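**Student:** Please see the structure below; I have some questions.
The values are calculated or read from the model by the stated rules, or taken from the named source; none is laboratory data. The structure presented is a predicted model; accordingly, all values stated were derived computationally and were not measured. Here the Cβ positions follow ideal geometry from the backbone for every residue, glycine too, while neighbour counts run over all protein chains shown. Accessible surface is based on the protein model in full, side chains and every heavy atom, while ligands, DNA and RNA are left aside. Shrake-Rupley method; radii C 1.70, N 1.55, O 1.52, S 1.80 Å.
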Amino acid sequence: IYYISEEERHDPQLILDALARRQVTCACITPAILHLLPYQPMPQLKYLVIAGESCPVETIRKWQATCKVVNAYGPTENTVCTTMHVYGENPLAINIGQPLQNVSCYVLDAHNYLLPPGVRGRLFIGGQQLTEGYYHREQLNEESFIPNPFATTRERALVLNNRLYDSGDNVCQLPDGDLLFFGRSDQQVKISGHRVELGEVQSRIEQYPGVK
């Protein structure tokens, strides 16, 4: 495993040089950084995993000429990776694929009822890798996690998959099981893969007397 250095991180060409020099076969890069990289064929690169935010179709197609491009989706609360999708000939950027092993994904309505394929709802995530919750944030835990009504009797007995995390992401499920991502149900945005709550930014700005 090789991590890009702080010096390389600020120079797109140095990132590409490092990948080539170390003969990296599988790279994980956020779309914001990938967009800055000048395209060049990299025969040794087999898989390019994009994660953290949406990626433009043009960028996906460009890098498909040299390797397989994989879309990895998942919030930190689910130990990051939840679903994956290998883009095909006609990539659909919003396709986040299907759950990984031991991951459960449900598309629910506002009353937490299961929605059929093709209908948009909120994505709830369960599985063995789900976090125990936020440290000393009981109210947030109550808002973000719900009892899993779909857990089997065996799972309940083993205390596995007993809760679901409300991702806040709007999705719908295709008949083949793939999930399509349609953005947030709140004001949260992603910048270079980092969550930014616009409400928090607004509240800070409003503290300054010169701002109206």
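**Student:** Can you find a residue in region 171-192 that is more than 20 Å from the chain's Cα centre (by Cα) and β-branched (Val, Ile, Thr)?
**Tutor:** No, region 171-192 contains no residue that is more than 20 Å from the chain's Cα centre (by Cα) and β-branched (Val, Ile, Thr).
**Student:** Within region 99-113, how many residues are in contact with a strand residue (DSSP E or B) (Cβ under 6 Å, 6 or more places away or on another chain) and open to solvent by 80 Å² or more (accessible area, probe 1.4 Å)?
**Tutor:** Total satisfying the criteria: 1.
**Student:** Right, here's the next one. Give the residue, chosen from Ser185, Ser144, Ser167, that is within 18 Å of Gly74 (Cα to Cα) and in contact with a Leu (Cβ under 9 Å, 6 or more places away or on another chain).
**Tutor:** Criteria check complete, one pass: Ser167.
**Student:** Scanning region 181-201 for residues that are exposed (fewer than 14 other Cβ atoms within 10 Å of the Cβ) and aliphatic (A, V, I, L, M), which turns out modelled with the lowest pLDDT?
**Tutor:** Top of the filtered list is Ile191.
**Student:** Continuing with this model, one more query. Checking the condition within 20 Å of Gln98 (Cα to Cα) and β-branched (Val, Ile, Thr), which residue from Ile125, Ile146 passes?
**Tutor:** None of the others qualify; the one that does is Ile125.
**Student:** Let me ask another. Among the listed residues Thr66, Thr83, identify the single one that is surrounded by 15 or more Cβ atoms within 10 Å (Cβ to Cβ), hydroxyl-bearing (Ser, Thr, Tyr) and more than 14 Å from the chain's Cα centre (by Cα).
**Tutor:** Only one candidate qualifies: Thr66.
**Student:** Counting only residues that are in contact (Cβ under 8 Å) with a residue 24 or more places away in the chain and in a loop (DSSP other than H, G, I, E, B), which one in region 46-63 is surrounded by the fewest Cβ atoms within 10 Å (Cβ to Cβ)?
**Tutor:** Restricting to residues being in contact (Cβ under 8 Å) with a residue 24 or more places away in the chain and in a loop (DSSP other than H, G, I, E, B), the top hit is Pro56.
**Student:** State which residue is surrounded by the most Cβ atoms within 10 Å (Cβ to Cβ) when the search covers only region 114-163 and only residues that are in contact (Cβ under 8 Å) with a residue 24 or more places away in the chain and small (Gly, Ala, Ser).
**Tutor:** Filtering first and then ranking leaves Gly126.
**Student:** Now for a different question. Can you name every residue in region 94-147 that is hydroxyl-bearing (Ser, Thr, Tyr) and more than 20 Å from the chain's Cα centre (by Cα)?
**Tutor:** Listed by number, the residues that qualify are Tyr113, Tyr135.
**Student:** Can I ask one more? Check Ile96, Ile33 and return the single one that is open to solvent by 40 Å² or more (accessible area, probe 1.4 Å), of a type in the set (Val, Ile, Thr) and not in a loop (DSSP other than H, G, I, E, B).
**Tutor:** Exactly one residue qualifies, and that residue is Ile33.
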